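Working notes, structure below.
The values are calculated or read from the model by the stated rules, or taken from the named source; none is laboratory data. All values reported here derive from a predicted model rather than from experimental measurement. Note: ideal-geometry Cβ built from the backbone for every residue, glycine included; neighbour counts use all protein chains shown.
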Amino acid sequence: MFENIIIEPRRANTDGQGLTRAVLDPLADRGSTVVPIASKRQERPWQGSLSSVDDEPFPPDETCLLCPGGKRANGKTTPKFDVGLLFENDFPVLSPGTDLEVANFSSLPLIEPPHSISQLYDQENDPAAISLTGECWVGVYSPEHDRVMSKMNPDEIRKHAIEMYVTGYNMLGGLIRVGENKGKSVGNSLIHPHIQIYADHKILPLQHGLSLRAQKDWQSRDGKNMMLEITDFELKHRSKDIIYANKDWAFYIWPFGVYPFEAVITPRHHIANMSDLMDNEKKSLAEVMAIMTRTLAVAFARPNRGAEYMMMAFQEPKDDSKYPYQDLYFRVKTYLRQLDLTKYFAVMESMGQYQRDTTIQWWVKRIKKASEEVMKLGVDDEVDLTELSQRFNIASSIFNS
Ligand SMILES: [Zn+2]
């Protein structure tokens, strides 16, 4: 029956060693509740494409939409500004409804898949659609084209970036998603430092919905907040893996992530949303963000342009309810599994289950070393990371060990 197919002998695992292990994701990313860690896969031969390490200093760009004086798509001119500029996205994903009313997100169910043909198609036989109402804003947090966060000192980060997050939360309603895309591997179309703010009015985005539910369930068991308890556990029992912590925040590799690199900044005491940040908490957050962005810029050898990442703040929705189980925390992810190597989400990930090729220890070793070097330069000042990044020489040593 198998005469045309050569079958190699099956590999037997007689001693049970080298089993793939999977961790459980407490925030329940859909499709990744179980995260297999197949770290041996980092060693696999790779004949696919490499990304270039895109770190030439930013050239001045007269065509930049976001520089003061830049021409935007709708014919508007970006005004002169010193600190930050917030404007409605010219190409929004969410559109405002007839009013700015927001749902009560605490009682909103997760959207269920349709269960029948009549739910799936409408009367015109087109896919049945729901309205996604809300607002999309863009926050430009520096008038300078190349002023990435890793070049800012903590004071500047607080004044420009953190106050922008706070303003976005104060100004909008609903479920407020604050995110930043950075770099070529993320498909970032504009290099000028900016963030995206989405305010969902009526529908709970799946990931936020799942994480809200997970945190609520966690708190209902013993009254403790999930993210605070994890932070506390990390600081107490896994302190050697903590990259940096101050009195309000901790920055560490997220042990339950599925992307090749995932880190978090989590609070050490309950802070529900951006608006609740006290001045000293803004200051300490800015310090962590400075250390984090500088560390990643050095670790990923991008001292000029800064590391490529996606960063999102998760926080309490802004409606009539209170969410004592939700803490303000930040997730940071990259598609890069090495300096110049993108992890593709291919057939098994896109149609099966996410899998991670890197272990937390693999990252801790590299990121911690970079952060120690960064901190030697002093945190409060503006620093030039070029020389340090070269000295660190990631390409030949850090990623290949
Ligand atoms: Zn610009």
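Can you tell me which residue is surrounded by the most Cβ atoms within 10 Å (Cβ to Cβ) among those in segment 30-61 that are at pLDDT below 70 and in a loop (DSSP other than H, G, I, E, B)?
Among residues in segment 30-61 that are at pLDDT below 70 and in a loop (DSSP other than H, G, I, E, B), the one surrounded by the most Cβ atoms within 10 Å (Cβ to Cβ) is Ser32.
Filter segment 99-131 down to residues that are of a type in the set (Asp, Glu) and without any contact (Cβ under 8 Å) to a residue 12 or more places away in the chain and give me whichever is nearest to the ligand (Cβ to nearest atom).
Narrowing segment 99-131 to residues of a type in the set (Asp, Glu): 99, 101, 112, 122, 124, 126.
Then keep just the ones that are without any contact (Cβ under 8 Å) to a residue 12 or more places away in the chain; that gives 99, 112, 122, 124, 126.
On the way: Asp99: 35, Glu112: 43, Asp122: 43, Glu124: 44, Asp126: 41 Å.
Applying the filter and picking the extreme gives Asp99.
Mind listing just one residue for me: the one in segment 110-148 that is more than 26 Å from the chain's Cα centre (by Cα) and aliphatic (A, V, I, L, M) and, of those, surrounded by the most Cβ atoms within 10 Å (Cβ to Cβ)?
Only one residue fits best here, namely Ala128.
Please find, within segment 343-380, the residue that is surrounded by the fewest Cβ atoms within 10 Å (Cβ to Cβ) out of those that are closer than 30 Å to Leu212 by Cα and in contact with a Leu (Cβ under 9 Å, 6 or more places away or on another chain).
Applying the filter and picking the extreme gives Lys343.
Is there a residue being touching a Leu at 6+ places or on another chain (Cβ under 8 Å) and part of a loop (DSSP other than H, G, I, E, B) anywhere in segment 291-301?
Filtering segment 291-301 down to residues touching a Leu at 6+ places or on another chain (Cβ under 8 Å) leaves 294, 297-298, 300-301.
This time we only want the ones that are part of a loop (DSSP other than H, G, I, E, B), so: 300-301.
Looking for residues that are touching a Leu at 6+ places or on another chain (Cβ under 8 Å) and part of a loop (DSSP other than H, G, I, E, B), one finds at least one in segment 291-301, hence yes.
Identify, by number, the condition in (1) within 16 Å of the ligand (Cβ to nearest atom); (2) within 16 Å of the chain's Cα centre (by Cα) that Lys151 doesn't meet.
Result: Lys151 passes all but (2).
Kindly indicate the residue of segment 104-127 that is among the aliphatic types (A, V, I, L, M) and modelled with pLDDT of 95 or more and also farthest from Lys159 (Cα to Cα) among those meeting that condition. Before you say what the answer is, go through the steps one by one.
At the first step, the residues of segment 104-127 found to be among the aliphatic types (A, V, I, L, M) are 108, 110-111, 117, 120.
Next cut, modelled with pLDDT of 95 or more only: 117, 120.
Values: Ile117: 52, Leu120: 48 Å.
Step by step, filter segment 104-127, then rank; the result is Ile117.
Here are the criteria: (1) part of a loop (DSSP other than H, G, I, E, B); (2) under 26 Å from Asp200 (Cα atoms). Tell me which single one Asp82 does not satisfy.
(2)
List every residue pair whose Cβ atoms sit under 6 Å apart, with the two residues 6 or more apart in sequence or on different chains, where the first one lies in segment 181-205 and is over 29 Å from Leu100 (Cα atoms) and the second, anywhere, is hydroxyl-bearing (Ser, Thr, Tyr).
Sorted first by the residue in segment 181-205, then by its partner, the pairs are Lys182/Tyr309; Ser185/Ser51; Ser185/Tyr335; Ser185/Thr342.
With the requirement that a residue be surrounded by fewer than 21 Cβ atoms within 10 Å (Cβ to Cβ) and within 16 Å of the ligand (Cβ to nearest atom), what does segment 172-193 give you?
Listed by number, the residues that qualify are Asn181, Asn188, Ser189, Leu190, Ile191.
Inspect segment 128-137 for any residue being in contact with a helix residue (DSSP H, G or I) (Cβ under 7 Å, 6 or more places away or on another chain) and closer than 28 Å to Asp320 by Cβ and give the result as yes or no. Please lay out each step first, then the result.
The initial filter retains those residues of segment 128-137 that are in contact with a helix residue (DSSP H, G or I) (Cβ under 7 Å, 6 or more places away or on another chain), namely 128, 137.
Among the residues that remain, those that are also closer than 28 Å to Asp320 by Cβ are: 137.
Yes, because at least one residue in segment 128-137 is in contact with a helix residue (DSSP H, G or I) (Cβ under 7 Å, 6 or more places away or on another chain) and closer than 28 Å to Asp320 by Cβ.
Go through Gly139, Gly134 for me and flag whichever is within 16 Å of the ligand (Cβ to nearest atom) and touching a Leu at 6+ places or on another chain (Cβ under 8 Å). Please lay out each step first, then the result.
On the way: Gly134 fails: within 16 Å of the ligand (Cβ to nearest atom).
The match here is Gly139.
Residues that are over 27 Å from Ser189 (Cα atoms) and either out of contact with any strand residue (DSSP E or B) (no Cβ under 8 Å at 6 or more places or on another chain) or not in a loop (DSSP other than H, G, I, E, B) (or both): does segment 325-335 have at least one?
Of all residues in segment 325-335, those over 27 Å from Ser189 (Cα atoms) come to 325-328.
Narrowing the set further to residues that are either out of contact with any strand residue (DSSP E or B) (no Cβ under 8 Å at 6 or more places or on another chain) or not in a loop (DSSP other than H, G, I, E, B) (or both) leaves 325.
The answer is yes, given that some residue of segment 325-335 is over 27 Å from Ser189 (Cα atoms) and either out of contact with any strand residue (DSSP E or B) (no Cβ under 8 Å at 6 or more places or on another chain) or not in a loop (DSSP other than H, G, I, E, B) (or both).
Kindly list, by first and then second residue, each pair from a residue in segment 61-80 that is in contact (Cβ under 8 Å) with a residue 60 or more places away in the chain and away from the ligand (no atom under 12 Å from the Cβ) to a residue that is part of a loop (DSSP other than H, G, I, E, B) and not hydroxyl-bearing (Ser, Thr, Tyr), limited to pairs with Cβ atoms under 8 Å and residues at least 6 apart or on different chains.
Lys80/Pro68; Lys80/Gly69; Lys80/Pro143
Suppose we keep only residues that are more than 15 Å from the chain's Cα centre (by Cα) and either of a type in the set (D, E, K, R) or within 16 Å of the ligand (Cβ to nearest atom) (or both) within segment 194-215. Which one would you say is nearest to Leu110 (Cα to Cα)? Show your work before the answer.
The first filter runs over segment 194-215 and keeps only residues more than 15 Å from the chain's Cα centre (by Cα), leaving 199-206, 209-210, 212-215.
Cutting the leftovers down to either of a type in the set (D, E, K, R) or within 16 Å of the ligand (Cβ to nearest atom) (or both) gives us 200, 202, 213.
Details: Asp200: 14, Lys202: 11, Arg213: 9 Å.
So, considering only residues that are more than 15 Å from the chain's Cα centre (by Cα) and either of a type in the set (D, E, K, R) or within 16 Å of the ligand (Cβ to nearest atom) (or both), the one nearest to Leu110 (Cα to Cα) is Arg213.
Only one of these conditions is not met by Ile230: (1) out of contact with any Lys or Arg (no Cβ under 9 Å at 6 or more places or on another chain); (2) part of a loop (DSSP other than H, G, I, E, B); (3) surrounded by 18 or more Cβ atoms within 10 Å (Cβ to Cβ); (4) not polar (S, T, N, Q). Which number is it?
(2)
Is it the case, given these coordinates, that Tyr252 is in contact with a helix residue (DSSP H, G or I) (Cβ under 9 Å, 6 or more places away or on another chain) and within 22 Å of Met311 (Cβ to Cβ)?
Details: in contact with a helix residue (DSSP H, G or I) (Cβ under 9 Å, 6 or more places away or on another chain): yes; within 22 Å of Met311 (Cβ to Cβ): yes.
Yes: the conditions hold for Tyr252.
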